[in-house]
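Right, one structure below, let's go through it.
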Amino acid sequence: MNSIKNTARIAGFFYLMFIATSILADRLASIGFGDVAAIVDKIMAHEELFRLGYVTGLLSALFFLLAAWALYVLLKPVNENLALLFLLLNLAGVVVQCFSMLALDGGSMFLQSAGYLNLFPADQLQALATFFINLYKNGFMIAQLFYGTWLLPLGYLVFKSGFLPRILGILLIIDFFGVLIWFFQFFLFPGYTVISYPGLIASAIAEFSLTLWLLIMGARELNQS
């Protein structure tokens, strides 16, 4: 039982670190919820803070993968195949996100004051930077397809586990629909961001609730038959 509680709290710690670093990266560099214009403004106005936010964004991806691994260890006894499925989906999202961060790094280079860039006209550099940052933004949103889908098997296993509250599983399944609505809205209805707001609010509630429960309460003892 102590092992289950410890694993749950480790998962909660990594999930909390993921949330904290994601928020910090968004505040420092508009990585995540910021649009292309906001990211360009951050690079131009505060290049050092942008670099710090960039590194923090990479750390958030690492913490997310570590949280998924700890949840895999915790929920593997419930159904190993589904636990492996959500771990692989999370890993796929992390890989896509990290590759998209390379495009963001490339875009930021065109807006920096390196001497060799003086050979190019300013408007050309701006256009190239915008292209690569748009590429990053699209890659980040493609990652949401995997980040959304991993929540379905995760929510189901939490619901069926018997050592975590069933309401957390229900919230995670709602979160699954919320993230996928955000994904489809971005690519199919880019001018209607309001469509994604209810789902994003539900996502915040679900993931904060899971994190706090794991970190504070851990996992309760299974009822013995």
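The values are calculated or read from the model by the stated rules, or taken from the named source; none is laboratory data. The shown structure was predicted, so the numbers you read here are calculated from the model rather than taken from an experiment. Note that we place each Cβ from the backbone using ideal geometry, even for glycine, and neighbour counts take in every protein chain shown.
Residue-by-condition table, conditions (1) under 23 Å from Ser108 (Cα atoms); (2) modelled with pLDDT of 95 or more:
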site	(1), (2)
Thr7	no, no
Leu58	yes, yes
Trp69	no, yes
Val73	no, yes
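For region 33-59, a residue qualifies if it is out of contact with any helix residue (DSSP H, G or I) (no Cβ under 7 Å at 6 or more places or on another chain) and not in a helix (DSSP H, G or I), and the qualifying residues are Asp35, His46. If you check Phe163, Phe186 for being assigned to a helix (DSSP H, G or I) and more than 15 Å from the chain's Cα centre (by Cα), only one passes: Phe186.
When region 65-85 is filtered for residues that are within 20 Å of the chain's Cα centre (by Cα) and without any contact (Cβ under 8 Å) to a residue 60 or more places away in the chain, the ones remaining, listed by number, are Leu65, Leu66, Ala67, Trp69, Tyr72, Leu84. Checking each residue of region 114-130 against the condition of being part of a helix (DSSP H, G or I), closer than 29 Å to Ala92 by Cβ, polar (S, T, N, Q) and at pLDDT 95 or above gives no match.
The sole residue among Gly53, Gly57 that is touching a Leu at 6+ places or on another chain (Cβ under 7 Å) and either farther than 19 Å from Leu215 by Cα or among the aliphatic types (A, V, I, L, M) (or both) is Gly53. Screening Pro77 on (1) under 19 Å from Leu168 (Cα atoms); (2) buried (at least 16 other Cβ atoms within 10 Å of the Cβ); (3) not hydrophobic (A, V, I, L, M, F, W, C) shows it passes everything except condition (2).
If you go through region 5-31, how many residues are surrounded by 17 or more Cβ atoms within 10 Å (Cβ to Cβ) and closer than 22 Å to Gly139 by Cβ? So the count comes out to 11.
Pick from Ile43, Ile23, Ile19: which is within 18 Å of the chain's Cα centre (by Cα) and touching a residue at least 60 places away in the same chain (Cβ under 8 Å)? Only one candidate qualifies: Ile19. Within region 1-36, being in contact with a Phe, Trp or Tyr (Cβ under 9 Å, 6 or more places away or on another chain) and β-branched (Val, Ile, Thr) holds for Ile4, Ile19, Thr21, Ile31, Val36.
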